[in-house]
Amino acid sequence: MPVHFAAAHGTLSSIWLLVAIPLASAAILLLFGRFTERWGHLLGVASVLASFILGLIYFFSLRGLSSPYRAASLNLFDFIPVGGLKVQFGLLYDPLSAIFVLLITGVGFLIHLYAVGYMSHDEGRRRFFGYFNLFVAAMLLLVLGNNYVITFVGWEGVGLASYLLISFWYDRPAAATAGKKAFIMNRVGDAGFVTAIFLMFATFGSVNFADVFNGVASHGAGQTTILILGLLLLLGACGKSGQFPLQAWLPDAMEGPTPVSALIHAATMVTAGVYLIARSNPLFTANLTLQTVVVAVGAFTLLFGSIIGGAKDDIKRVLAWSTVSQIGYMFLGVGLGGAAYALALIHLLAHGFFKAGLFLGAGSVMHSMKDRTDIRRFGGLWRYMPITWATFGLGYLSIIGIPPLSGFFSKDPIIESAFNRAGWTGWLFGSAALLGAGLTAFYMTRLFVLTFHGPKRWTEDIEHPHESPAVMTIPLVLLAVGSIAAGALFVYSPFNVKDWLRPVFNNPAAEGHEHIGQWWATGMTFVVVLIGLAIGLLLFRRGTAPQEQPAGPVVAAARANLFGDMFNETVFEKPGLYLTRALVYLDNRGIDGLVNGLAALVGGSSGRLRRTQTGFVRSYALSMLGGALLIVAAMLAVALG
Amino acid sequence: MSSFPYLSVLTGGPLVGAAVVACLPRSRPQLAKVVALVWSLAALVLTAVMYATFNANGSRFQFRESYQWIPFWGARFTFEADGIALVMLALIALLVPLVILASWHDVDSAKRSVPTYFALLLALECTMIGVFAAADIFLFYVFFEVMLVPMYFLIGSYGGQRRQYAAVKFFLYSLVGGLLMLAAVIGLWVVGRDQLGHGTFDWHQLTSLHMSTTTERWLFLGFFVAFAIKAPFFPFHTWLPDAGGAAPAGAAALLVGVLDKVGTFGILRYCLPLFPHASKYFAPLGLVLALVGIIYGALLAIGQNDLKRLVSYTSIAHFGFIGIGIFAFTTQGGTGAVLYMLNHGLATGLLFLVVGMLVARRGSSLVSDFGGAGKLMPVLGGVFFIAGLASLALPGTSPFVSEFLVLLGTFTVHKTVAVIATVGIILAAAYVLWMVQRTTQGTLNPALEKVDAMRRDMSVREKVVVAPLIVLLLLLGFYPKPVTDVINPAVKATFSQIGTSDPNPTVAQGGGK
């Protein structure tokens, strides 16, 4: 059955407001500068709240539609109409976009609210909210586009916002460098994405979702084309989502203010890669090799991230590597295909809650510890900041998958699905996911225990840590509620995500392979998680040395980010630097010298020319005339002869 | 169609203005500036009227005018504008007043005549308009050469370090190209006389000639090399960084933003329709030169330590994109290339003007003399960043649309070329962001704080200069249709003249096998 998105009507014909409101707010904040200093942050929060309320209204409107495919497609105007290419500025609101809209605006609103408190002492608070609103607008455009070009516009828009916010404190060299690194590595992925768009147009003559999916379904394109198309999109997805081999920018992105880490580099933007693959599911399902590559990237990255996460001492970097690892689980899910698409999306939503909560909790800790981030210098904080401790603790238990918190409902089924992939790869990827669960339990326990329990290891200048103000703790509490309840809600309630997304992932057929049953998978995972937790507790319940200690090769490698940065430096940066230097030298000497020599042949040496330059126009006219006469003569000779 | 002689008035007007301004006494610099500004604004209004009058669905060439000139050779004063030329005229008419306003104080301190400087700018406007409006090949050639003279004096008399070297080099390169083109023009005239029975330089008549393969190829090369030097394409580019680096910022904006477009415009208007077979024959050469330019220009831009030279090298990369768009011979590639010519004028024009503002304050154009400047001048730093974003073709700014079209149009016929060119967008991010980082971000360079001028953020005059460019970049970034609709028919006509058509998608639309 060909994919067709019904045109928007009624309430849903105003979905463009979702993007327009935060965009307008960003424009006001950034254009009118100091005039908005006093109330700018409130406008920023209000605009996201407005989008969230609209998102709820649209959500229920969409639920009310009875068509076989609940969707509202809205073409606003001709964007790029040239020849056979007809790109509309078009939006699509369907079940998949709907849940992303709610996640972005809902969690986004809470984090905006939190930032009012967190950024209250920063002189750049207005600018911060301008960028933050810009991000929300771009992210909403990304998930609302009805063709790949609009998605790409949003895609690069969030990249810009991410850059601006990572290097928000641009006078810090580390922040400026981290922002640049993020943008450039993202551009590598974007180059893949945009090339995929070219290939779509060359193959299907269109860049609209519906046309591309129907083109794939028609089997007119060869399997090789599908594979290349998918790999190019995957490259884009890896860049945005910090997946191997484009993972190195994400931990450095922690240079930005903590609300940024929570919203952009944990809950929303970094899941855009998952969105892209889920959105393109008819394409990815059409090629088994492609799916295997996605699964392999996910499985590898989830282990990669969790190994490094266990060796880091910076509270935000541990969480960042944890994000890399958790998105690995989501890639695993979307790669498995079939029923696992919905599982990946459930994990994405649940992760949005608990990881945002964890980051905001980390921000709350930093707020009271004079912006220190070294967990070796924390300890015993539970007594001083009970709300932060409790909410962080719930997020922690949720991410490691303790029942009945949301991580349990969202992660365990992915592990089970991985085991049940057909053939021996099922065992391989399932084991990787299982091991990852144990590692997650270990590094999160380490993080939690070192931060909140054990002896105090603070530096002398911190006398009395304090709980954060209500504007910060209320979002923490609400997100903790999400950490508890989201999983069960998304899996078992009438609002369960699987049923809601059924029209999007049009292939609910069970795979028919069952290596292990549900109870086995759950049981094994639980045991592995307990082992990881126990090791973490045993090693770190008494705290740790305040300085970094020498360590064996594995820990040393993990501290060095498993040599990812070193690889980029030796293979790309250094040779690139030498190449540009050599070219600059050559361009000044070689090519220029050659052409200067030729020029000297034509018009005398440049030194002589400089001397005669006062009469230059005259000599120019003369030489022009001379040359012209010569050539006329030659031409006439040719023409007559 | 209107009977008002738009094009001759538009060409002649600035020349009259230049004469008026040049005659003003040196003691009245302010008057000279105001007169020049008002005059250029009048040209802008006239162009706006033309743009509004132009019927995108009408005939290709509108605003035709033709007057007797040299009957013996068959040369006439013929002006015509198609959509491509019209867009370029609009760009000129917009940039010149902004450049005049941006250069307001640039020559105050120099011991040179202020009225002459602004007269030269107006004279330059006349020649630039003439070269795009001409439809008589000899007239085109004359404008092509005369255009050098005001620019030569702008660089040589009002430029910065090594200005004389740069001016002479600029002149020499253009001279060589011009001579080759002159030879080809004459050769074309001879062929035309033999076939038509009378000598003519009329573009329409000459596009219908039949030539032997060898003649066609030689004549093509004569034009092509001239245009490749002007554009400039690798390996004819080395004059540009010197000229762009030495020219005063306003002149550099016009040099890179407009003058160089004559090269790519010339390829589209002259090389392709006059020598269709040779164009196809040499297309691989054009593609390769352009492709090398994209990567080479970007790598060299990364390695520069001088802001103006850096921007010049980025332009070499951008001209590479225009080049592949043209030689791909697809509707998207060609339309993208022309749109790129406009967008590059806006974006790089803006970048040069903002760099000029930075350099004027710091008294140096070396990147290493800046560092952390955004702290002192947040608004100027922000505008610099926006110009950079436009230069790296971020979606939402108009250069994205053109770059996207160029790459997409190229991809449908030459996948490898397009894929390699796409690497250029990664390098663009690198050179722009590194430039921004080294100048405006990071720890504040202590030397900057000692320069009083570095504490002055943008003045109202400077804001007026950048605002129209930023607004246009954003507006056309989201809604390029008013421009693409004007360009598209002319591009289609050009490609139908050489007999190429777009490839069909490999999978037919509408499902089914």
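The values are calculated or read from the model by the stated rules, or taken from the named source; none is laboratory data. The structure displayed is predicted, hence computed values, not measured ones. Using ideal geometry, Cβ is built from the backbone for each residue, glycine included, and neighbour counts are taken over all protein chains shown. Remember, those area values only see protein heavy atoms, side chains included, never the ligands or the DNA or RNA. Shrake-Rupley method; radii C 1.70, N 1.55, O 1.52, S 1.80 Å.
Summary table below
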| quantity | calculated |
| --- | --- |
| Other-chain or far-sequence residues with amide H under 5 Å of B:Asp306's (modelled H) | B:Val367 |
| Shielding score for B:424-433, defined as the mean number of other chain Cβ atoms within 10 Å | 5 |
| Fraction of beta bridges assigned by DSSP in chain A that are antiparallel (%, nearest 5) | 90 percent |
| Potential extension, B:Asn55-B:Lys463 segment - 0.36 nm per residue separation minus Cα distance | 143.5 nm |
| Spatial separation of Cα centroids for region A:448-476 and region A:205-268, in angstrom | 37 Å |
| Sparse-neighbour loop sites [chymotrypsin sites (Phe, Trp or Tyr not before Pro); region A:391-433; at most 14 other C-beta within 10 Å; DSSP] | none |
| Protection-proxy order for peptides B:364-372, A:565-573, B:260-268, each taking the mean of Cβ atoms within 10 Å per residue, highest first | B:260-268, B:364-372, A:565-573 |
| Alpha carbon convex hull of chain B, projected area averaged over orientations, nm² | 24.1 nm² |
| Computed over chain A, Kirkwood Rh from alpha-carbon pairs, angstrom | 26.4 Å |
| C-alpha long axis of helix A:406-419 to longest principal axis of chain A, angle in ° | 70 degrees |
| In sequence order, calculated HN-Hα J values of region B:87-97 (Karplus, 6.51, -1.76, 1.60; Hz; x Gly/Pro) | 4, 5, 4, 4, 4, 4, 4, 7, 6, 4, x |
| Aspartates and glutamates whose Cα lies under 15 Å from that of B:Lys450, excluding same-chain neighbours fewer than 8 positions away | B:Asp369 |
| Linear extension gain, A:Ala217 paired with A:Trp427, 0.36 nm per residue minus alpha-carbon span | 72.6 nm |
| Dipole of region A:28-166, positive direction: furthest Cα of A:Thr151, A:Phe109, A:Ala161, with charges on the beta-carbon | A:Phe109 |
| Other protein chain Cβ atoms within 10 Å, averaged over every residue that makes up B:164-176 | 5 |
| Karplus-derived HN-Hα couplings along region B:426-443 (A = 6.51, B = -1.76, C = 1.60, θ = phi - 60°), whole Hz, x at Gly and Pro | 6, 5, 4, 4, 5, 6, 5, 5, 5, 4, 4, 4, 6, 9, 10, 9, x, 5 |
| Amide H contacts of A:Ala72 (H built 1.01 Å from N, under 5 Å, at least 5 apart or other chain) | A:Tyr93, A:Asp94 |
| Efficiency of FRET from Cβ geometry, B:Val471 and A:Phe572, R₀ 45 Å, rounded to 0.05 | 0.75 |
| Ratio Rg/Rh [Cα only; Rh per Kirkwood] for the protein assembly as shown | 1.01 |
| Per-residue SASA entry for B:His414, accessible area with 1.4 Å probe, Å² rounded to 10 | 70 Å² |
| Set of aspartates and glutamates near B:Lys261 by C-alpha distance (under 19 Å), chain-local residues within fewer than 8 positions excluded | B:Glu80, B:Asp82, B:Glu125, B:Asp136, B:Glu145, B:Asp242, B:Glu403 |
| A:Glu467 accessible area, 1.4 Å probe, all protein chains in place, Å² to nearest 10 | 50 Å² |
| Too-long pairs where the Cα-Cα distance tops 24 Å, listed order kept, from A:Lys316/A:Lys411; A:Lys181/B:Lys463; A:Lys574/B:Lys375 | A:Lys181/B:Lys463; A:Lys574/B:Lys375 |
| Label-reachable residues, region B:83-117, where backbone N falls under 12 Å from a point 7 Å from B:Leu41's Cα toward its Cβ | B:97-98, B:101 |
| Chain A, relative contact order [Cα under 8 Å, separation at least 6], % | 12 percent |
| Extension reserve of the A:Ala174-A:Ala390 stretch, reckoned as 0.36 nm per residue once the Cα distance is removed | 74.5 nm |
| Antiparallel bridges, percent of DSSP beta bridges restricted to the protein assembly as shown (to nearest 5) | 95 percent |
| Relative packing of peptides B:24-37, B:120-133, A:86-99 - highest average C-beta neighbours within 10 Å first | B:120-133, A:86-99, B:24-37 |
| Average projected area [Cα convex hull, region A:292-343], square nanometres | 3.3 nm² |
| Gap separating the Cα centres of region B:326-349 and region A:363-433, nearest whole Å | 50 Å |
| Net charge dipole size for the protein assembly as shown [Lys, Arg +1 and Asp, Glu -1 on Cβ; Debye, nearest 20] | 1500 debye |
| Interchain or long-range residues, amide H under 5 Å from A:Val87's placed H | A:Phe79, A:Ile80, A:Val82 |
| Separation between Cα centres of region A:139-203 and region A:49-120, rounded to whole Å | 19 Å |
| Listed residue (B:Val338, B:Val35, B:Met454) projecting farthest to the positive dipole end of chain B, Cβ model | B:Met454 |
| Helix axis angle, A:288-309 relative to chain A longest principal axis, alpha carbon, degrees | 70 degrees |
| Rel. contact order, % - alpha carbon contacts under 8 angstrom, at least six apart, region B:300-501 | 32 percent |
| Electrostatic dipole magnitude of region A:399-557 [Cβ: Lys, Arg +1; Asp, Glu -1; Cα centre; debye, to 20] | 200 debye |
| Vicinal HN-Hα couplings computed from phi for region A:11-20 (Karplus, 6.51 cos²θ - 1.76 cosθ + 1.60; Hz; Gly/Pro x) | 3, 6, 6, 10, 4, 4, 4, 3, 7, 5 |
| Rg in Å to one decimal, and Dmax rounded to a whole Å, for region B:300-501 via C-alpha atoms | 18.2, 63 |
| On Cα atoms only, tilt of B:163-196 relative to the major axis of chain B in degrees | 10 degrees |
